[in-house]
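A short write-up of the structure that comes next.
The values are calculated or read from the model by the stated rules, or taken from the named source; none is laboratory data. This structure is a prediction, so every number in the text was calculated from the model and none was measured. Backbone-built Cβ (ideal geometry, glycine too); neighbour counts: all protein chains shown. We work out accessible area using only protein heavy atoms, side chains counted, and drop any ligands, DNA or RNA first. Shrake-Rupley method; radii C 1.70, N 1.55, O 1.52, S 1.80 Å.
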Amino acid sequence: TEKSEPLIKTFKTIQTPAALPYDWDFESGNGWLFFNGELTNKWAYGTATSNSPTHALYISNDNGLSYAYTHAYTTVYATKTFYFPEAGLYSFSFEWKANSDAYDYLRVALAPAATEVEASSASTAPIGATSLPDGWIALDGGNKLCGQSNWQRQLSEVEVPQAGYHKVIIVWRNNSYTGDAPGAIDNFKISRLTCRMP
């Protein structure tokens, strides 16, 4: 008998870019890509927590059944690619909560479309409480989002440097210590602005 070596192939999911304006309450489906690796704490889409009326994105340690996390080093990502028809000023808003300590937090950013991310259980990562990789634009006010058990609304006005495809990246990081409830995101909106709000 002849034997052959097993063939291992890797593949990437292709995401259809979303058009603007974008106004998504997650009630009609997800549409975001998750980069969770084999970690216990994962991005999930479901009904374990939400702010309108039943569905949201959230971190879960049981594949979406619960809105809860395990205290173990985690960096995971949810991403979506958008087409921006022109450079200029855009409004980004979303609702979030994370009743976590100062070392467990959400970050939300706009990155070049070619940006690739990978889940990690390392204790260090290029995303910090106040720092992002080169070329990323903060959509979270420039600082970690944490310490809130009630839903909060984040609104940012951002200058998108050029027309074309850009990727929104939502990051959840946590360490192996304390914290009550992990990150959750709902009601994500993007629209073109013609002038800055007062």
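Structural remarks
- Pairs where the first residue, in the range 152-169, is open to solvent by 70 Å² or more (accessible area, probe 1.4 Å) and the second is aromatic (F, W, Y), C-beta under 7 Å, 6+ apart: Y165/Y83
- Residue count for the range 19-48 under the criterion of being within 14 Å of the chain's Cα centre (by Cα), assigned to a strand (DSSP E or B) and free of Cβ contacts under 8 Å to residues at least 40 places away in the same chain: the result is 3.
- Tally of residues being out of contact with any strand residue (DSSP E or B) (no Cβ under 7 Å at 6 or more places or on another chain) and of a type in the set (A, V, I, L, M, F, W, C) across the range 25-74: 2
- Enumeration of residues in the range 83-101 that are more than 18 Å from A184 (Cβ to Cβ) and surrounded by fewer than 19 Cβ atoms within 10 Å (Cβ to Cβ): Y83, P85, E86, A87, G88, L89, S91
- Some residue of the range 52-62 being modelled with pLDDT under 95, under 23 Å from L145 (Cα atoms) and not basic (K, R): yes
- Filtered by the rule that a residue be among the charged types (D, E, K, R) and more than 16 Å from D140 (Cβ to Cβ), the range 160-198 gives D180, R192, R196.
- So H71, is it touching a residue at least 12 places away in the same chain (Cβ under 8 Å) and within 16 Å of R173 (Cβ to Cβ): yes
- First in the range 108-129 and under 20 Å from E38 (Cα atoms), second anywhere and acidic (D, E), Cβ under 8 Å, 6 or more apart: A119/E38
- The residues of the range 69-82 that are within 17 Å of P126 (Cα to Cα) and open to solvent by 40 Å² or more (accessible area, probe 1.4 Å) amount to a single one, Y73.
- Of everything in the range 43-68 that is open to solvent by 20 Å² or more (accessible area, probe 1.4 Å) and touching a Gly at 6+ places or on another chain (Cβ under 8 Å), the residue that is farthest from S120 (Cα to Cα) is H55.
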